[in-house]
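The values are calculated or read from the model by the stated rules, or taken from the named source; none is laboratory data. Quick caveat: nothing in here was measured; it's all calculated off a predicted structure. For neighbour counting, all protein chains shown are included, and Cβ atoms are generated from backbone atoms with ideal geometry for every residue, glycine included. Only protein heavy atoms, including side chains, enter the accessible area calculation; ligands, DNA and RNA are left aside. Shrake-Rupley method; radii C 1.70, N 1.55, O 1.52, S 1.80 Å.
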Amino acid sequence: MKKKDENRMSLKNVLSVTARAFQLLYRLNPGIMISGVLSAIWGALTPYIGISLSAQIIDELSGGRDPVRLRNLVMWALGLAAVISLVGAVLNRWNNVEQEKMWIVYRHMFVEKQLDMDFVRVDDPETHKLYSTIQQNQKSSGWGIMRILWNLNGIIAPVFSILGGIALTVSLFTKRVPESAGRWTILDNPLFLVLIVAVMAAVPCVSSLIGNKAESYHAKALGDHNLANRLFGWFGFMGYRKEAAANMRMYRIDKICMSHNLDKEKLFASRGYFANLARGKGGLLNMASGAVSHVFTFLIYLYVCLKAWTGAFGIGAITQYIGAVSNIAGSLGRFLAIWGDVRNNAPFLQLVFDYLDLPNDMYQGSLTTEKRADRDYEIEFRGVSFKYPGSETYALKNVSMKFRVGERLAVVGRNGSGKTTFIKLLCRLYDPTEGQILLNGIDIRKYDYRQYMDVFSVVFQDFWLLPYTIGQNVASAEHYDEKRVEECLKKAGFGERLAEMEDGLETYLYKYRKDNGVDISGGEAQKIALARALYKNSPFIVLDEPTAALDPIAEAEIYAKFNEIVGDCTAIYISHRLSSCRFCDEIAVFENGTVVQMDSHNRLIEADGPYRELWYAQAQYYTEKECNG
């Protein structure tokens, strides 16, 4: 990805990507757009009602002083102020509710994209990098889709404010200075009027352009800004992390954190980039922008007061014209500032659409996966090879094997031998680079993608449990069959622990949602994850290191009743502990992405090869000689 200062977008692209963002927001949540526009228009026009009535009241006080007219004007001012306030409050409340809703809709948009995305995309580091950048841009400085909401108000409100101001200001230029004013009649000269209007329009434009230039330095540094935020989030809050407390105490990691936090050369520190920017060109530009805006204020007061002094209009009109022209100038400045913000935001919007436009290349298939009561499914790998995207090295090479119905297959091998890749291909998280995977003789790519995945229950090594009830975690649903959930938990070895819980299946895990939530150990969490796989009741069950977090006794219990747990499912068992593979019918030994051995434990232990080598490498630590030292 290019840095923002190397990727200045053309005006056409800025307008295109911004228009698309508005369309996306309207599609996601029409209410946020409608309420935002109405609130902006109402807020832009209503101040002029007060300005106009105030001018009339002052004129009446300085002129005829008619009590009835004054009373009517005051009553109108008070009544309209109440109506304006009430309607404004209703519109603001509506808009605030829609904004809160929008945050949920915004997050849901990305969740839907991730769930719809090919897993090969989800698993790609570049996808993670792009998504992380989008979220950091949003969280650190608000750049991206949500900034469009601010820009919407910033564009609509100034436009209507300018129109309303013009309506009240036209008479400033049409009311003529009386002939008795002598040389001051030059104020009515058309050329002078054009010059005054041009200067009044130019000054706020210049002020806004200078301010936009200052803001652009912040946008250009956003990459460093995001990095600094990440580092601050890590080092600045290390002391609050429970899991780091022991290491913090033992190794005084706090000293490393403090050395980072107290470094004055860091981005946000007193000698960092933003501090230097404020002391240098950034501060000078902001100062110049403020100074130019004050020049405009001086010109307004000078011109209006001169025309009033020469007799063109009364005292009340001074209030009206100064208020209206000041609003016009401020609105013009805000519009230009927002336009600058829109230009600065466009590259960040483009990143969002780059992510949302990531294509799905995997064929989803249309064949129905037959639901067989006898679970008579056969899966075959036929000459399967696979390279990860962007890699020239084969993670799997020419793998061929069949899974027999009801078979227990163990998959073993050193780290990086291809075990995890094998499972990803089996579950169709990836498609083979070469060869075929067949389900009952048909290429799995021809099956409906979701239905094919339902054939498998998987306990991943890095599984997730949610802060919901135990029953909901096992069923992965809000409503569930309590009896089935209890049976699955008992099979997974969680029955005794469940019986101790006062709320049973309604016990919440962790304390995120409920104060009385239960914190469970890694082994207990693993048992719940295993119960979840059993509850799904798929014909194939894949267990990736399913006992890694269990103590030896609990692990032995799982092995002893493994057949009871798995039932008539075809089981694929991945493990680094070769002793846990003895109960499997066959063991596939992976090495350098290839199946180099495949047989029963007894035959593999007798044959020369990597399995025998791995077995004795582990077994030596459990021999009597080693134990006795």
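Against the empirical 2.2 N^0.38 Å scaling, what ratio does the C-alpha Rg of the range 321-394 come to? Walk me through the numbers on the way to the answer.
Details: Rg = 28.9 Å, N = 74, 2.2 N^0.38 = 11.3 Å.
Here the Cα radius of gyration is 2.56 times the empirical estimate.
Could you order 515, 443, 481 by accessible surface area, starting with the largest, using a probe radius of 1.4 Å? Working shown, then result.
Numbers: 515 145, 443 20, 481 65 Å².
My answer, sorted largest first, is 515, 481, 443.
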Review point. Which whole-Hz ³J(HN,Hα) couplings does the range 526-542 yield from phi under the Karplus relation 6.51 cos²θ - 1.76 cosθ + 1.60, θ = phi - 60°, glycine and proline marked x?
Key: 5, 5, 5, 5, 5, 4, 4, 5, 5, 5, 4, 6, 8, x, 10, 10, 10
Point to revise | Under-5 Å amide H pairs with residue 572, H placed in peptide plane, nonlocal only | key: 409, 541, 542, 543
Revision key, fill the gap. In whole Hz, the Karplus estimates of ³J(HN,Hα) for the range 75-85 (6.51, -1.76, 1.60; θ = phi - 60°; x where Gly or Pro) are 5, 4, 4, 5, x, 5, 4, 5, 5, 4, 5
Revision key, fill the gap. With the 1.4 Å probe rolled over protein heavy atoms, the range 133-184 has an accessible area per residue in Å² of 46
Check your understanding: Can you put 422, 22 in order of accessible area, largest first, using a 1.4 Å probe?
Key -> 22, 422
Practice item. Tell me, rounded to the nearest percent, the portion of alpha carbon pairs in the range 40-149 spaced more than 16 Å apart. Key: 73
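Summarise the accessible area of the range 108-190 (1.4 Å probe, protein heavy atoms) by the percent that is carbon and sulfur.
On the way: 2570 of 4240 Å².
Whole-percent figure for carbon plus sulfur exposure: 61.
Calculate, for residue 104 and residue 259, the FRET efficiency according to 1/(1 + (r/R0)^6) with r their C-beta to C-beta distance and R0 45 Å; round to the nearest 0.05.
On the way: r = 40 Å, r/R0 = 0.89.
The computed FRET efficiency comes out at 0.65.
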Review point. Averaged per residue, what accessible area in Å² does the range 376-497 show with a 1.4 Å probe, protein chains only?
Key: 47
Check your understanding: Which of the chymotrypsin sites (Phe, Trp or Tyr not before Pro) across the range 304-412 are loop residues per DSSP, with 15 or fewer other Cβ within 10 Å?
Key -> 363
Exercise for review: From the P(r) of the range 346-443, can you give the percent of Cα pairs sitting at distances over 17 Å?
Suggested key: 62
Exercise for review: Can you send over the solvent-accessible area of residue 299, 1.4 Å probe, protein chains only, in Å² to the nearest 10?
Suggested key: 50
Check your understanding: In whole percent, how big is the carbon plus sulfur part of the accessible area of the range 398-550, probe 1.4 Å, protein atoms only?
Key -> 45
Point to revise | Sparse-neighbourhood loop sites, trypsin sites (Lys or Arg not before Pro) in the range 58-91 - DSSP loop, at most 10 other Cβ within 10 angstrom | key: 65
Revision key, fill the gap. Length-normalised contact order of the range 1-138, Cα under 8 Å, at least 6 apart, in percent, tallies to 28
Point to revise | HN-Hα J in Hz across the range 425-439 - Karplus 6.51, -1.76, 1.60, θ = phi - 60°, x for Gly and Pro | key: 6, 4, 7, 6, 6, 10, 9, x, 6, 9, x, 9, 10, 10, 10
Revision key, fill the gap. Sorted list, accessible surface of protein heavy atoms, 1.4 Å probe, largest first, for 62, 132 is 62, 132
Check your understanding: Non-local amide H neighbours of residue 395 (under 5 Å, H modeled in plane, Pro and chain starts lacking H): which ones?
Key -> 386, 387, 388
Study note, to complete from the structure: One finds the C-alpha centres of the range 415-483 and the range 43-105 to be spaced, in Å, by 62
Point to revise | Pairs beyond 25 Å (Cα-Cα), from 129/242; 129/424; 113/446; 255/511; 491/514 | key: 129/242; 255/511; 491/514
